[in-house]
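Colleague: Structure provided below as structure tokens; questions to follow.
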Amino acid sequence: MVVNENSVETRHDAIELVLARLLRLGSLVAAALLAVGLAAMVAGLSVIAPKLITAGLLVLLGTPILRVVTAAVIFIRERDWYFAFFCAVVLVALATGIVLGRVG
């Protein structure tokens, strides 16, 4: 079986484009929430400001996790088990860190 190198490169470029857009969108949403939260704090809206800042930080922390999940889904759909396995390992490591961080 002959593999067309252009199709492999195109596939990898498409994956990278999806993941880059996801990271960019997550970063922009987090930055917007943080900026609005800080502006609300300066304006004296002490009820909503901490909620917006917390939401911004959660989006900022969740974006890389969502990137790994998205990559895992893409690799599973393409039956690329090698990379899907490593995405699963990274997700287990992230989950372990979150659980251990809450305990200690």
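FYI, it's all coordinate maths here, none of it is from the lab. Quick caveat: nothing in here was measured; it's all calculated off a predicted structure. Cβ atoms come from the backbone with ideal geometry, glycine included; neighbour counts cover every protein chain shown.
Colleague: Can you give me the number of residues within the range 37-59 that are over 21 Å from LEU25 (Cβ atoms) and either among the aromatic types (Phe, Trp, Tyr) or touching a Leu at 6+ places or on another chain (Cβ under 7 Å) (or both)?
Modeller: Counting residues in the range 37-59 that are over 21 Å from LEU25 (Cβ atoms) and either among the aromatic types (Phe, Trp, Tyr) or touching a Leu at 6+ places or on another chain (Cβ under 7 Å) (or both) gives 1.
Colleague: On to the next question. Suppose we filter the range 55-68 for residues that are exposed (fewer than 15 other Cβ atoms within 10 Å of the Cβ) and either touching a residue at least 40 places away in the same chain (Cβ under 8 Å) or touching a helix residue (DSSP H, G or I) at 6+ places or on another chain (Cβ under 8 Å) (or both); how many remain?
Modeller: Selection size over the range 55-68: 3.
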